[in-house]
Amino acid sequence: MVEHRIGHLEASLTEQEQITIDFQGNLVTFVHAQSLYPQRKILWNDLETLNPQKTPWAVIGDFDAYLSPSEKKGGRYPSQAAMDNHRKALDDNQLVEAVHSGVTYTWWNKHLGRNKIIGKLDRMLINQKWLIVHTGWAYKALNWLTSNHSPLIGWNYNIPKPRNVPFRFIKMWCSHDNFKEMVKENWHVPIEGNPFFIMIQKLKRLKQALKIWNKKTFGHLQTNIKVKTQLLENLQIQLDTDYENEGLAQQVEQ
């Protein structure tokens with residue numbers, strides 16, 4: 001086992017299949033299980049040794065195993081022994097799957113036609129203490145993007161969203177032909193006062209100018225991204241229920 005500590009984070013790594021982070025008394029274990037059962041068993045033995053029954057604990061990642069036949073479409077029937085072992089590992093570690101939404105099948109082999117296989121290999125598991133401490137916890141399986149696995153994102157519903165979202169500089173602005181000239185013109189408009197006051201006021205003015213310029217130049221970027229992301233998610237959810245629809249699979253692939 002290798003251990004590292006950075007500030008409030010303490011991480012441990014064993015067998016290159018899991019990394020566990022301790023953040024202010026909450027343990028989060030990220031796993032990437034091997035495809036063969038003997039290697040997966042080593043992982044589960046490590047987790048059983050790690051199991052902190054009195055500490056909030058979440059285990060998230062690619063378990064490379066199914067819990068039921070309905071979690072796989074295409075290819076060979078899932079191994080009953082592998083499913084039984086996976087369920088037993090969850091029971092032995094007193095872990096349950098967190099409330100979840102999003103796509104059902106988190107993995108796709110990127111094949112079409114008769115060779116296409118989709119399945120639920122990725123999930124977030126939590127123990128009883130996590131349920132008690134983080135009562136509004138849930139996770140969402142997002143769309144396949146650059147990987148053939150769905151990213152998983154977890155959050156607590158009981159934590160309100162911030163109202164004052166901080167200003168964010170968007171890197172792609174720099175690639176626009178008019179960006180530097182717009183910044184230069186805005187910055188050179190004079191302001192009276194001491195140097196520190198001038199600097200602060202120019203930054204505030206530039207921030208507002210960038211927001212306006214961004215909307216005029218790129219439109220409502222975040223809204224457009226959300227629309228495109230939702231369209232992709234809808235396609236993938238349709239593919240979950242209409243597995244043999246090759247047209248849907250090709251649209252998702254594109």
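The values are calculated or read from the model by the stated rules, or taken from the named source; none is laboratory data. Keep in mind the model is a prediction, meaning the values are calculated, not measured. Cβ atoms come from the backbone with ideal geometry, glycine included; neighbour counts cover every protein chain shown.
Take the residues of the stretch 119-147 that are of a type in the set (K, R) and surrounded by fewer than 19 Cβ atoms within 10 Å (Cβ to Cβ): which is farthest from Y77 (Cα to Cα)? Checking each candidate, the answer is K129. Restricting attention to the stretch 56-99, the residues that are hydrophobic (A, V, I, L, M, F, W, C), in a loop (DSSP other than H, G, I, E, B) and without any contact (Cβ under 8 Å) to a residue 60 or more places away in the chain total 5. Among all residue pairs at least 6 apart or on different chains, which show Cβ distances below 8 Å where the first residue, located in the stretch 144-158, is closer than 17 Å to W130 by Cα and assigned by TED's automatic domain parsing to the domain that holds F30 and the second is surrounded by 13 or more Cβ atoms within 10 Å (Cβ to Cβ) and among the charged types (D, E, K, R)? Close Cβ pairs satisfying both conditions: I153/K140; G154/K140.
Filtering the stretch 109-118 down to residues that are touching a residue at least 60 places away in the same chain (Cβ under 8 Å) and buried (at least 16 other Cβ atoms within 10 Å of the Cβ), which residue is farthest from the chain's Cα centre (by Cα)? So, considering only residues that are touching a residue at least 60 places away in the same chain (Cβ under 8 Å) and buried (at least 16 other Cβ atoms within 10 Å of the Cβ), the one farthest from the chain's Cα centre (by Cα) is K116. Taking the criterion of being surrounded by 13 or more Cβ atoms within 10 Å (Cβ to Cβ), among the small types (G, A, S) and out of contact with any Lys or Arg (no Cβ under 6 Å at 6 or more places or on another chain), the residues of the stretch 67-105 that qualify are G75, S79, A82, A89, A98.
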